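Written below as structure tokens is the structure these notes are about.
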Amino acid sequence: MNRGKYTILILVITVSIIVFLLLNLLLGSVSIPFGSVWNILTGGEDDPVAWQNIILKSRLPQALTALVAGAGLSISGLQMQTIFRNPLAGPSVLGISSGASLGVAFVVLLSGQLGGVALSRLGFIGEVALSIAAVVGALSVMGLIVLASRKVAGSVTLLIIGVMIGYIANAVIGVLKFFSVEEDIKAYVIWGLGSFARVSGNQMMLFVTIMAVIIPLSFLLIKPLNLLMLGDGYARNLGLNINRARMWVITSAGVLTAIVTAYCGPIIFLGLAVPHLCRAIFQTSDHRVLMPTAMLVGASLALLCNLIARLPGFEGALPVNSVTALVGAPVVASVLFKKRKRKDAIEF
Amino acid sequence: MEDKKQATIRLKNLAIGYKAKNNTKVVASGLCTEINSKELTCLLGANGVGKSTLLRTLSAFQPKIEGEIDIMNREIGTYSDKELSRTIGVVLTEKCDVRNMTARELIEMGRSPYTGFWGTLHGEDRKIVEQSIALVKIENLADRMVHTLSDGERQKVMIAKALAQQTPVIFLDEPTAFLDFPSKVEIMQLLHQLTRETGKTIFLSTHDLELALQIADKIWLMDRQHGITIGTPEDLALEGHLSGFFARKGIVFDMETGLFRVENQYSSQVRLVGHGQKYAMVRKALQRNGILANRNVVSDIYVETGDLTTSGFKICREEEVIAEAKTIEELLGQLKENS
């Protein structure tokens, strides 16, 4: 595929992001005309305060959260798939999102038991506590994995250790659930469904800022990722320090997953599917192409999913995770299926 | 280019093996030898004697147990990762399982030790990649996806990758395994030719004994009892190392050709008259069927094989032709009737 075709495709994806972003601001249970939306965004104050609140405090933060989260998860998924050379790897594969869930479970489920207050009633403080708990949980699991990555030789061993840590986390969550009151369990389950709408105002600014720093940093790993694709032996012979490269890739993917999970809950599917979609569209394994495009496609797809979850009629009732899977899975499957058929025809 | 070969790799009292916490398994020890530039050196040995361990140790993939490995007059331990990647190129047995990557892109990866932070190729890099492709003669494969290539084609791509790496030394771990016979010959000849054209030091392990004996400049024989025996295939033959090394029931070392052949049990013998290709073929066919056949044996009847200018074969007794055959198959049948 030549450069011109790449440019056109990237342009199309970028335009789709802009369109979906605008639609996210425009569509919702309250209909606000385009002119007013534009006015509010550019700082005009003539429109009803209610509309201003809806746009600036609800729709805009939600859209930006979706955009950044989609980008982050897709990059994380791509990195995981490359270092584990496993098409089924995704951001959740190393138990990092299970770690986040465990952190949240501790806070949500134990607060009722120990403090006598259901966290779900605490509002803003509860929200911050959840984010912190999730980050702490996710990063401690990631720390364990990074430690393990220095000791064990094979990527497969590491993958199994990650999956095992995930099981342990889920087991502990199960025990916590068993001893918790119904109200808290419900709060925990809702957190687990994932949502881009949970992040509000100041938190959104913090989230977007953190991600705006980490995502460009993850691009520094493009050359090591390209080398790792060849297998450990060849990568090493070409001058790559395998253990160090692996540690940085896990750290990068882990931090991206941890932060997104802390703010949005465990978002499934995007991180697994977007890298496949990018490989199918661009027909390359070169991370110099895949990293930026995974970021763009991820952002676009997350915005689309958020849009569908909020379509008039659903009234925000659909959890994002249901949409990502229900809408995205068939799309990705059909793209891969078409590709596969064409390739096999050539191969045999 | 200088015409003289030089010792690029020197082993001094090298011991290889695996170090665990409290026990060290030595696979081979006391290795003192050299590997020369402009030569194709083949490492032969049964499975499990440590061919891969030796190759892995020489490429610094695993630590040596004791002794010295000097590459280009420098101890291997003093090389940084980057320097090593510009000194030794490898072709491994592990299959490079990448999808959606063209052969050229894979060969371009060979330039990684020289490219900058993002791995961007410059004019000079592209030129070297094209030269590597041309040396291996895979211009027609360069734009194919790697996962659509056959094993032999993929092996050539990996060799081109090693060439693009521009290292004075190339190690290959069983590059001819899993290939069909023509591809095996092609790969070995290609490597031999590369030692002459580029002056590189090429060292490989293989199980293809026949090919190695015909194409290699130096043979390393590795086994448990004797450690490593080194020499040209011909010297090893004359000194009796080869016959001793592979001595098994049913295999004999043919001193005349310097190659191995299957040993036959003979129940009778027949004299052959003739020369050239037809003589050799008849002899081969008869010996496979348990009849010792050559110019020197004595027998009542004899076979006139003629040469490529005559047609058919004659079975004679005392200057008199008693039967004629068009093909060797017919000849075999008639010999059975007449004896």
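Below, the figures for the structure above:
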| read-out | value |
| --- | --- |
| Any hit, the range A:217-224, residues being within 10 Å of chain B (Cβ to nearest Cβ), more than 22 Å from A:GLY137 (Cα to Cα), among the basic types (Lys, Arg) and surrounded by fewer than 22 Cβ atoms within 10 Å (Cβ to Cβ) | yes |
| Single residue of the range B:61-90 satisfying the filter (facing chain A (nearest Cβ under 9 Å) and within 27 Å of the chain's Cα centre (by Cα)) that is farthest from B:ALA160 (Cα to Cα) | B:PHE61 |
| Those residues of the range B:81-97 which are surrounded by 19 or more Cβ atoms within 10 Å (Cβ to Cβ) and either more than 25 Å from B:GLN62 (Cα to Cα) or not small (Gly, Ala, Ser) (or both), in sequence order | B:LEU84, B:THR87, B:ILE88, B:VAL90, B:VAL91, B:LEU92, B:CYS96 |
| Residue that is in contact with a Ser or Thr (Cβ under 6 Å, 6 or more places away or on another chain) and of a type outside the set (Gly, Ala, Ser), where the choices are A:ILE55, A:ILE75 | A:ILE75 |
| Residue, surrounded by the most Cβ atoms within 10 Å (Cβ to Cβ), within the range A:228-244, restricted to residues that are under 25 Å from the mean Cα position of the chain (by Cα) and closer than 21 Å to B:ARG99 by Cβ | A:LEU228 |
| The range B:221-257: number of residues that are touching a Pro at 6+ places or on another chain (Cβ under 9 Å) and surrounded by fewer than 16 Cβ atoms within 10 Å (Cβ to Cβ) | 0 |
| Count of residues meeting criterion [hydroxyl-bearing (Ser, Thr, Tyr), within 14 Å of chain A (Cβ to nearest Cβ) and either under 14 Å from A:TYR234 (Cα atoms) or buried (at least 18 other Cβ atoms within 10 Å of the Cβ) (or both)] in the range B:98-141 | 3 |
| Those residues of the range B:1-43 which are touching a residue at least 40 places away in the same chain (Cβ under 8 Å), in a strand (DSSP E or B) and small (Gly, Ala, Ser), in sequence order | B:ALA15, B:GLY17, B:ALA28, B:SER29, B:GLY30 |
| B:SER85, sole failed condition from (1) farther than 26 Å from B:THR176 by Cα; (2) out of contact with any helix residue (DSSP H, G or I) (no Cβ under 6 Å at 6 or more places or on another chain) | (1) |
| A:PRO266 closer than 28 Å to A:TRP191 by Cβ, within 12 Å of chain B (Cβ to nearest Cβ) and in contact (Cβ under 8 Å) with a residue 12 or more places away in the chain | no |
| In the range A:269-295, the residues that are touching a residue at least 60 places away in the same chain (Cβ under 8 Å), part of a helix (DSSP H, G or I) and surrounded by fewer than 21 Cβ atoms within 10 Å (Cβ to Cβ) | A:HIS276, A:ILE281, A:PHE282, A:ARG288, A:VAL289, A:PRO292 |
| Whichever residue in the range A:227-243 is part of a helix (DSSP H, G or I) and in contact (Cβ under 8 Å) with a residue 12 or more places away in the chain and, among such residues, is nearest to the other protein chains (Cβ to nearest Cβ) | A:LEU227 |
| Candidates A:SER97, A:SER74, filtered to the one that is crowded, with 24+ Cβ neighbours inside 10 Å, within 30 Å of A:LYS223 (Cβ to Cβ), at pLDDT 80 or above and in contact with a Cys (Cβ under 9 Å, 6 or more places away or on another chain) | A:SER74 |
| Residue count for the range B:200-214, restricted to those that are touching a residue at least 60 places away in the same chain (Cβ under 8 Å), surrounded by fewer than 20 Cβ atoms within 10 Å (Cβ to Cβ) and in contact with a strand residue (DSSP E or B) (Cβ under 7 Å, 6 or more places away or on another chain) | 1 |
| Helices (runs of 4 or more DSSP H) fully within the range B:49-138 counting 2 or more residues that are closer than 24 Å to B:GLN189 by Cα | B:51-58, B:103-109, B:123-136 |
| Looking only at the range B:316-328, and only at residues there that are free of Cβ contacts under 8 Å to residues at least 40 places away in the same chain and closer than 26 Å to B:VAL262 by Cβ, the one that is surrounded by the fewest Cβ atoms within 10 Å (Cβ to Cβ) | B:THR327 |
| Pairs, first farther than 16 Å from A:ALA100 by Cα in the range A:171-188, second of a type in the set (D, E, K, R) and exposed (fewer than 12 other Cβ atoms within 10 Å of the Cβ), C-beta under 9 Å, six or more apart | A:GLU183/A:ARG121 |
| Unmet requirement for B:THR309, which otherwise passes all of (1) surrounded by 12 or more Cβ atoms within 10 Å (Cβ to Cβ); (2) not in a strand (DSSP E or B) | (1) |
| Scan of the range A:181-203 for residues that are of a type in the set (Phe, Trp, Tyr), under 15 Å from the mean Cα position of the chain (by Cα) and assigned to a helix (DSSP H, G or I), ordered by number | A:TRP191 |
| Matching residues in the range B:172-191 - criterion: being in contact with a strand residue (DSSP E or B) (Cβ under 6 Å, 6 or more places away or on another chain) and more than 21 Å from B:ILE71 (Cα to Cα) | B:GLU174, B:PRO175, B:THR176 |
| Any chance A:LEU67 is touching a helix residue (DSSP H, G or I) at 6+ places or on another chain (Cβ under 6 Å), more than 24 Å from A:VAL141 (Cβ to Cβ) and among the aliphatic types (A, V, I, L, M) | yes |
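The values are calculated or read from the model by the stated rules, or taken from the named source; none is laboratory data. All values derive from a computational prediction rather than experimental measurement. Positions of Cβ are backbone-derived with ideal geometry, glycine not excepted, and every protein chain shown enters the neighbour counts.
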